[in-house]
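Notes to accompany the following structure.
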Amino acid sequence: MKYKTNRYNKRTKAAVLGFMGLLLMFSSLSGESLTLENFLTRVKKNSKDLKLAQKELDMAKVQKKEATSTALPKVMMEGNYKRNLKDNFLYIDFPDFETGEMVNQKFKINYKNEYGFSAVVNQTLFSFKVGTALKAAKEYKRLTDFIYMATDQTIMKLSRKTFYQALLLEKIWKISIAAEKNAKDNFENMQKKYDNGQISQFQLLQAEVRWQNAQPETTKSRRNFEMALNNMKNLAGIPVEEGITLEGDFEKFPPLPEKQQMALILESRPDFNALVWEEKLRTTAVKAEKAEKYPSLALNLIYNFSSLSDQFKFERQNKSYIVGLNLSIPIYTGGYRQAQIQKAKIELEKIRIRIDQTKEKIYNEIENIYLRLKEAHARIESSKKSLQTAAKAFKIAEISADSGLITQLELKDTRLLYDQATLGSYAAVYDYLDAYFDWQQAVGKVTNN
């Protein structure tokens, strides 16, 4: 009897040390306190996905400038200098003035220094391509605006889900810690009763097994919670080594929303509006390809200056001013232009099909999410009643176990039911929030707070 008692005392000491280790690990997680609002603010500021989406907006601005440039005049200037290292001569046969005989004479025809400068101003007077380019740039800007909004809503939804997932896993971990502590306390109590001869060794072993089984569950739940925190840090741009704590609960949740008309939903969804503007852009692309078949007219203003001298100065100057019109008429391109038009039309038809598919997908998505909302909302109400009943049953079971009226296995089962009811209550609210965040994005009503 003494040997067994010492053995159990050693286990008890080891358990105390292990539990203290868990408490130390819990304290190591402490750090910056994050509410949902703080977390979303950090995500908004540091999200790399949003930064990439912002670059697409910047690209749209650049493309608009590029399109505008086709309608503005183009000014080009060029200057040059040449140094002739050897003289050039022109040889001509001329009659000699005295004898009248034909003699060969040479004349120098170059100078050591040649200077040149030209300026050209080109202005498009008429071109279908200019108008379609400007229109396409505006449409692309609207398209990227909606894509950015859709990306923002997706990230905000994901951030909310990640926050509440971490909060749920923290609750699970704390319940596991409480369950392990309860099992440990029960084992220590049974150890005392065993030492006093009040219970059998079998009952003591049952309490020990229950406690030992609770320990790996605590370790597992802690791991899951820490992984969830790392996901939060990644989203918010928080260093992995930095500790954070969560402020939040599952006590409050938004009411069950009402269904909305499909037309209003489509107007509110940025991803759908992005498709609408892509259709407009594709329509303009067809016009742009057709514009390549039409003539274009441009005005040219040219200024030329030249100077020749054997010295480093401007001598023997020539200046010219030229005004010209350039008319370009495509005649035949071997079928290339028609092929480009056909390709643009195919892309237009493809986006129209995608729009129809998206409408059907959104409708089904709304219906399925609403079913999830109703089911989760109903589970919240039933889980509250189950938790109250389970809590009452566990209190009775603890008293009964202390009195020896029920076995440790029965106490374990009662505690398990209580823990499951607690987790069920949290999980029901989490599932409802998870569906609600999907609902917000599905109807295009995601907010940034």
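The values are calculated or read from the model by the stated rules, or taken from the named source; none is laboratory data. Because the structure is predicted, anything quoted here is derived from the model rather than measured. Every residue, glycine as well, gets a Cβ built from its backbone with ideal geometry; the counts of neighbours run over all protein chains shown. Accessible surface is based on the protein model in full, side chains and every heavy atom, while ligands, DNA and RNA are left aside. Shrake-Rupley method; radii C 1.70, N 1.55, O 1.52, S 1.80 Å.
Overview of results
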item: For region 46-87: rounded, prolate or oblate by the Cα gyration tensor [a/c cutoff 1.5]; result: oblate
item: Magnitude of the charge dipole, the chain, Cβ model with Lys/Arg +1 and Asp/Glu -1, debye to 20; result: 600
item: For the chain, calculated [θ]222 nm from helices alone, where every DSSP H run of n ≥ 4 adds -39500 (n - 2.57); result: -24000 deg cm²/dmol
item: Listed residue pairs exceeding 31 Å between alpha carbons, taken from Lys220/Lys252; Lys233/Lys259; Lys157/Lys259; result: Lys233/Lys259
item: Farthest positive-ward along the chain dipole, Cα basis, beta-carbon charges - from Gln206, Thr70, Gly324; result: Gln206
item: Whole-number percent relative contact order across region 257-328, with pairs defined as alpha carbons under 8 Å at least 6 apart; result: 25
item: Tail fraction, Cα-Cα pairs, the chain, threshold 28 Å, whole percent; result: 72
item: Residue of Gly243, Gly131, Gly116 that the Gaussian network model of the chain assigns the largest fluctuation, springs spanning Cα pairs under 10 Å; result: Gly116
item: Gaussian network model of the chain, springs between alpha carbon atoms under 10 Å - residue of Ile155, Ile322, Ile406 with greatest fluctuation; result: Ile322
item: Two-site label geometry, Lys345 and Asn300: point separation in nm, points 7 Å out along Cα→Cβ; result: 3.6
item: Relative contact order of region 223-349, defined on C-alpha pairs under 8 angstrom at six or more residues apart (%); result: 22
item: Inter-label distance for Val103 and Val209, nm, one decimal - labels placed 7 Å from Cα along Cα-to-Cβ; result: 13.5
item: Choice from Phe202, Phe253, Phe146 with maximal GNM fluctuation in the chain (Cα, 10 Å cutoff); result: Phe202
item: Taking the chain and dividing mean pair separation by its residue count, relative contact order in percent (alpha carbons under 8 Å, at least six apart); result: 22
item: Cα centroid separation - region 404-446 against region 132-196, whole Å; result: 14
item: Separation of the Glu78 and Val121 label points, Cα + 7 Å toward Cβ, nm; result: 1.9
item: Heavy atoms of Val103 accessible to a 1.4 Å probe, total area in Å² rounded to 10; result: 50
item: Rounded accessible area per residue of the chain, 1.4 Å, Å²; result: 60
item: Carbon/sulfur fraction of accessible area - the chain, other protein chains in place, 1.4 Å, %; result: 57
item: Histogram of C-alpha separations across region 299-449, 10 Å bin width, %; result: 9, 14, 13, 11, 10, 9, 8, 8, 6, 5, 4, 2, 0
item: Alpha-carbon Rg with Dmax, taken over region 108-221, Å; result: 39.9, 133
item: Nearest-0.05 FRET efficiency for Lys174 and Leu134, computed from C-beta distance (R0 41 Å); result: 0.10
